[in-house]
Protein chains: 4
Amino acid sequence: MVSRSLPSPVESKDRIPVAVLGATGVVGQRFVRRLATHPWFRVAALAASERSEGRRYDEACAWRLPGEPYAGLGALRLVAADPAACAAAVAFSALDRAVAEQVEPRFAAAGATVFSNASAFRMADDVPLVVPEVNADHLALLEVQRTRRGWPGGIVCNPNCTATVLVTALAPLEQAFGIQEIFLASYQAASGAGYPGVASLDLLGNVVPHIRDEEEKVAEEVPKLFGRRVDRAIVPAALRLSAACLRVPVVDGHTEAISVRLRTEATLEELAAAIVGFRGEPQRLALPSAPSPPVRLHVAPDRPQPRLDVDEGDGMTVHVGRLRPCALLGWKLVAMGSNVERGAAGASVLNAELALTGGWIPPS
Amino acid sequence: MVSRSLPSPVESKDRIPVAVLGATGVVGQRFVRRLATHPWFRVAALAASERSEGRRYDEACAWRLPGEPYAGLGALRLVAADPAACAAAVAFSALDRAVAEQVEPRFAAAGATVFSNASAFRMADDVPLVVPEVNADHLALLEVQRTRRGWPGGIVCNPNCTATVLVTALAPLEQAFGIQEIFLASYQAASGAGYPGVASLDLLGNVVPHIRDEEEKVAEEVPKLFGRRVDRAIVPAALRLSAACLRVPVVDGHTEAISVRLRTEATLEELAAAIVGFRGEPQRLALPSAPSPPVRLHVAPDRPQPRLDVDEGDGMTVHVGRLRPCALLGWKLVAMGSNVERGAAGASVLNAELALTGGWIPPS
Amino acid sequence: MVSRSLPSPVESKDRIPVAVLGATGVVGQRFVRRLATHPWFRVAALAASERSEGRRYDEACAWRLPGEPYAGLGALRLVAADPAACAAAVAFSALDRAVAEQVEPRFAAAGATVFSNASAFRMADDVPLVVPEVNADHLALLEVQRTRRGWPGGIVCNPNCTATVLVTALAPLEQAFGIQEIFLASYQAASGAGYPGVASLDLLGNVVPHIRDEEEKVAEEVPKLFGRRVDRAIVPAALRLSAACLRVPVVDGHTEAISVRLRTEATLEELAAAIVGFRGEPQRLALPSAPSPPVRLHVAPDRPQPRLDVDEGDGMTVHVGRLRPCALLGWKLVAMGSNVERGAAGASVLNAELALTGGWIPPS
Amino acid sequence: MVSRSLPSPVESKDRIPVAVLGATGVVGQRFVRRLATHPWFRVAALAASERSEGRRYDEACAWRLPGEPYAGLGALRLVAADPAACAAAVAFSALDRAVAEQVEPRFAAAGATVFSNASAFRMADDVPLVVPEVNADHLALLEVQRTRRGWPGGIVCNPNCTATVLVTALAPLEQAFGIQEIFLASYQAASGAGYPGVASLDLLGNVVPHIRDEEEKVAEEVPKLFGRRVDRAIVPAALRLSAACLRVPVVDGHTEAISVRLRTEATLEELAAAIVGFRGEPQRLALPSAPSPPVRLHVAPDRPQPRLDVDEGDGMTVHVGRLRPCALLGWKLVAMGSNVERGAAGASVLNAELALTGGWIPPS
């Protein structure tokens, strides 16, 4: 495929029509807010469950974000999550796994490129699981996918929110020194569970020591994310990882206590320099949703903190602090990033920007 | 020394007179509450800073515990933290490190046995650092201490709250299988910082990724706690430990995500059996503050939780849940215990009960 | 009817068999915990929805209270909420309004006396709506109810949790001086909404300014509660009341900012004396669940606080503080009480104790 | 004085030099953030206590706001809070009351116009206490003040945060219908107490029923704010007000449950229309910090909520919801506004913009 050049921003009428699937939920609303003012995309369809079909967006959905309610799109009528009802070259999917499993292939078969926050296809070996700063080249799996499945469109996934913060925070170290082992303990925010999600009786002044399937997702997604593309396949990274995922009474922002064993020796200064100097493909391409820098290194010992740092870079910046030696694995640090933007809606949008720039999105 | 036999409870007039040093603070109040109704001890003196000397306890102190204010001792007059002002065979110390460093030796020199929650003498090689379920035999260091320092009394320390929960939770595994490596990530409660402690602006809906000196304390105290007594010294356990200590918006109860590498192979069932069957010296002696069981194993995947479990056994029970394999170290689990009871006031009182039963407390 | 004399506690085998309807919910669990060790009652049946029928209590119910899980009754098999399945003279109802409307009359018709926390029959003019310290004599409505409806048993309701805290706090002033006008602003706890109730995303660090039907319930229940019994009917109190009910991030305990206009002049000292000296029928009868005192007056300006005071008297004590002049109505104060005990489970149990002592419960 | 016309924004070099007094605290930081990018003002001096004099701002101050640390001014050296050290025509004061009492007059005497968030001079009868949407004409008191005190500069105060939200929310009703009586119960945020302010042990999952001096401040400031200027004096409004001020676990944003008795009859529709149509002097003048609209009326029953609405209009919008009848006073509503912006830093800045446009600020 040939890369398209895109003036930025394009004229509104020339923007690419996109659909948001699952537009009424917590992540769906964030998709809508990001896309309502996007320089390259234009919201052409908001899709929700059949129950809501035909209703105005501001009637069917309880908007839960600060700022302009419904991002100015409250008058749009909801349509079915069906390619026929959504005239869009790109679909952003905030669907539940079970629904995504049915719906996303239909869009791909109809020619749309689906950027999905759902877990349904993340581990399929012909589906790119992408964090643009980490493994932009994995997008090339789309070719395999299109050939093998006969889809004119395709599916591109972003990882689980906890895995996303982890691999983005560690990308500078992986690139510079290689990573052999990872220990992760997470302090996850309430919004990671969607809405209504966790009952306030469970979370007020409490820690909930279990999040269903979360540790498993992190364990399987991270090796794929750090994997190498060899020919038309991804060879998972040979690393060992153990994750403990717990929920804490925080609204947005997953904090992660991380230890790593590197493949090569390095000093604290070299680690810090690798993080501070790190730039990824989105920064090189100056994609609209790319934060700069992608990973911020804090030197104050009490940072990052979710309440103070989570919204930096429209929620796309990943924060690293407390870089220090670890008696077991060599190095440890604390990372923090927005589970709802860098780990969900913003992740898919950044993937779409990367794919568009790379010529991976066929016009509808 | 000869062990004394104690009817339980002894007549009030025969109870051993004790002093509480630092009686107005968060831990001091918990000492007072525990001791006000203790079957063996009787509060003879409440000591505070010079500023409060001579004032009634209920005037000098803002009581912050549920239940009867001042535990019925509001009319007591505060005295100086000086052995001359406190006619007591036993002193419980909730003093700050710097004050403890000065004051505790004076009490020991005057004949009192000091049970201290302060960090000042924990790592001194002739001071027993004791969790009765873990290393009751370390009390014998008192002999060395008395000989070397010429004190008729002595100082017995309990560890940092985070270390206490850790070693109590792991004691069954250490005893049955031996522990080589420990990874710890803590989710620590606000009360661990004392009062006023952490500002609500810092902690509401937030995670604070740093607690001063906490990781260092855990790293140095745990090997001593798991150490073997050889002759008149403690040989620290040869284990490697890495701790990441973070603060979360919880009132009481430290949660800990722990991974361990054991010295001998074991199955999940063997680990569970070791925990369920575990009893320590306090349980064998049926000490008044001994919880039964000392370590509760939860099978529900979402337990333990601080808000639901922290007060079990008057805050002395340590909870373990989510026992499962760890890809890095072999096994992982979640532990939780009261930082203010098992990790502070209750810890010192249990030490005193153990010492008294073992004949380690000379009459005043 | 003739009052029965009850030794306290009666032998276990002589205790009155009771059923808990809706035993798996938040209030149901509190009923179970209170009744498991009650000196007069014995849990004979736990009833839940049809879906759970036949299952063990500890399998069908996620126990959410501190202390012994399932209060030791985890092995009981759940039965249908049907009089035939519950051999009980007394039924405690934690049912939702719609279910209560169907089920409670069946129990009453079958001979059981139902003590209900549901709102279904609170305002029926032949149903006693009782807070024992406030209007114990309203129980006499049971006679009207039994005659009119032909029920051998009957239904006794306790009010909405917010109304309960309000009328108990104000009972001393109503009795001593009469109350003409009440302004109420509530700071309500999460547990008032049941489980799962309010989403943590809505309540963490937030105030939710609306609780469905709450202001209306308070406005209609308070006049009935303060009403006089004239012959066989209740004449509602002639008072004016305005309530603003808001939710705050507190687990248990409704705080209420209250202003009142009294019918007779009084000094601050007279008000305080009325509150301090207040005793109700439960205190005179020394009922097992009666707190003493029923209303605690705080003089510390920063009390009552839900986290420190909510559990006093097993959650049955109502707290009053900040008694001071009000420029609009004359006097204002802050009240606080447990919405889940004094305002729900404990309320029904205390009503049952009052009714039993008064001879209002026919044997089954 | 003659009104100056100001291009907006003026060239940076032509901006008016301002000083921030108390620049390191919670409110001081918000002053700095607002002024760093202000179109009319330029930060010329940051003043703090003597202890910090000469230190860089980013070394002396722990920045606690989201966004760019130190608003880009971290390299500025702190100066003494002394007119000689601050070459500024305007001073914004975030000083404590006791310090403000000494320092603010010195600046006024030296020719600066001080816009103060401190309470020291609010009730002085020659000091304007101003919320621009409410009583912009009170600025004229400056003439009296300058004459009487012989100051070339002067002091302008903004009210207490709770009073500010109250009078702004009620301004539309006061103007259209007149207000006779106000009942207020507040749900105040932690940030209102400054930093470190309230201990997290006091506020986590709790309500604190007392805020020192707060009810008194509201009671005295509101009549002055709603007062009429007659000649060279303010005649306080003849209204009766009762306030109950409580603290809740919210970071930013005071919620207020308010009842009002109006002087003239009105329908719900007329009230709503008055609020929706309300514009004040800042909106007419299009001042840089003026929100539009100044008061937002919500129709969703569960709004406003501090977490969702507090930052609208850069924290300057005041929100009103739940407009409904009150059985006691006629009408009730819930208001919410940012205590740290509309109620503190933003308030002073808006006052300065108003004063500048009105020609009340002499050049330095």
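The values are calculated or read from the model by the stated rules, or taken from the named source; none is laboratory data. A quick note: this is a predicted structure, and the numbers were derived from the prediction, not measured. Positions of Cβ are backbone-derived with ideal geometry, glycine not excepted, and every protein chain shown enters the neighbour counts.
Observations on the model:
- Being of a type in the set (Lys, Arg), within 14 Å of chain C (Cβ to nearest Cβ), under 22 Å from residue C:330 (Cβ atoms) and out of contact with any Gly (no Cβ under 8 Å at 6 or more places or on another chain) is a description that does not apply to residue D:261.
- Out of D:272, D:345, D:352, D:290, sole residue that is closer than 17 Å to residue D:34 by Cα, out of contact with any helix residue (DSSP H, G or I) (no Cβ under 9 Å at 6 or more places or on another chain) and more than 9 Å from every other protein chain (Cβ to nearest Cβ): D:352
- Of D:133, D:59, all but one fail to be closer than 25 Å to residue D:166 by Cβ, of a type in the set (D, E, K, R) and not in a loop (DSSP other than H, G, I, E, B); the exception is D:133.
- Residue count for the stretch A:72-127 satisfying the condition of being acidic (Asp, Glu) and not in a helix (DSSP H, G or I): 4.
- Residues of the stretch A:14-56 that turn out to be in a helix (DSSP H, G or I) and modelled with pLDDT under 95, as a count: 5
- Subset of the stretch A:186-238 [in contact with a Cys (Cβ under 7 Å, 6 or more places away or on another chain) and closer than 26 Å to residue D:206 by Cα]: A:188, A:192
- Residues satisfying the stated conditions in the stretch D:177-189, i.e. of a type outside the set (D, E, K, R) and either at the interface with chain C (Cβ under 9 Å from one of its Cβ atoms) or in a loop (DSSP other than H, G, I, E, B) (or both): D:178, D:182, D:183, D:184, D:185, D:186, D:187, D:189
- Taken together, B:282, B:294, B:304 contain a single residue that is touching a Phe, Trp or Tyr at 6+ places or on another chain (Cβ under 8 Å) and modelled with pLDDT of 95 or more, which is B:294.
- Inter-residue pairs, beta-carbon under 7 Å, first among the charged types (D, E, K, R) and in the stretch D:18-35, second buried (at least 24 other Cβ atoms within 10 Å of the Cβ) and modelled with pLDDT of 95 or more, 6+ apart: D:30/D:340; D:30/D:341; D:30/D:344; D:30/D:345; D:34/D:345; D:34/D:346; D:34/D:349
- Residue check, residue C:205 within 14 Å of chain D (Cβ to nearest Cβ), in contact (Cβ under 8 Å) with a residue 24 or more places away in the chain and buried (at least 23 other Cβ atoms within 10 Å of the Cβ): yes
- Scanning the stretch C:129-153 for residues that are free of Cβ contacts under 8 Å to residues at least 60 places away in the same chain, on the phi < 0 side of the Ramachandran plot and of a type outside the set (Ser, Thr, Tyr) returns C:145, C:146, C:148, C:149, C:151.
- Residue in the stretch D:74-82 that is at pLDDT below 95 and among the basic types (Lys, Arg) present: no
- Pair list, Cβ < 6 Å and 6+ apart or interchain, from the stretch C:89-109 residues that are touching a residue at least 24 places away in the same chain (Cβ under 8 Å) to residues that are of a type in the set (D, E, K, R): C:93/C:104
- Cβ-Cβ under 6 Å pairs, at least 6 apart or on other chains, the stretch B:39-66 side surrounded by fewer than 20 Cβ atoms within 10 Å (Cβ to Cβ), far side assigned to a strand (DSSP E or B) and not charged (D, E, K, R): B:42/B:17; B:53/B:80
- Only listed residue being facing another protein chain (nearest Cβ under 9 Å) and in contact with a Pro (Cβ under 9 Å, 6 or more places away or on another chain), chosen from A:244, A:237: A:244
- All positions within the stretch D:227-239 that are surrounded by 15 or more Cβ atoms within 10 Å (Cβ to Cβ) and over 16 Å from residue D:126 (Cβ atoms): D:237, D:239
- In the stretch D:309-346, the qualifying residues are those that are surrounded by fewer than 24 Cβ atoms within 10 Å (Cβ to Cβ) and basic (Lys, Arg), and the one that is farthest from residue D:260 (Cα to Cα) is D:322.
- One residue stands out among those in the stretch B:110-121 that are touching a residue at least 40 places away in the same chain (Cβ under 8 Å) and buried (at least 24 other Cβ atoms within 10 Å of the Cβ): the one that is farthest from the chain's Cα centre (by Cα), which is B:112.
- Scanning the stretch C:139-157 for residues that are in contact with a Gly (Cβ under 7 Å, 6 or more places away or on another chain) and assigned to a helix (DSSP H, G or I), we see that the one that is nearest to residue C:222 (Cα to Cα) is C:139.
- Test: residue in the stretch D:142-155 that is buried (at least 24 other Cβ atoms within 10 Å of the Cβ), hydrophobic (A, V, I, L, M, F, W, C), touching a helix residue (DSSP H, G or I) at 6+ places or on another chain (Cβ under 9 Å) and farther than 25 Å from residue D:109 by Cα: no
- Condition met for residue A:335 (closer than 22 Å to residue A:254 by Cα and within 14 Å of chain B (Cβ to nearest Cβ)): yes
- Residue list for the stretch B:300-330, restricted to those being in a strand (DSSP E or B), among the hydrophobic types (A, V, I, L, M, F, W, C) and at the interface with chain A (Cβ under 10 Å from one of its Cβ atoms): B:326
- Failed criterion for residue A:128 (all others in (1) over 13 Å from the mean Cα position of the chain (by Cα); (2) under 17 Å from residue A:152 (Cβ atoms) hold): (1)
- Checking each residue in the stretch A:292-308 for being surrounded by fewer than 23 Cβ atoms within 10 Å (Cβ to Cβ) and either polar (S, T, N, Q) or in contact with a Ser or Thr (Cβ under 9 Å, 6 or more places away or on another chain) (or both) picks out A:292, A:293, A:296.
- Cβ-Cβ under 6 Å pairs, at least 6 apart or on other chains, the stretch A:238-249 side of a type in the set (S, T, N, Q), far side not in a strand (DSSP E or B): A:242/B:327; A:242/B:328
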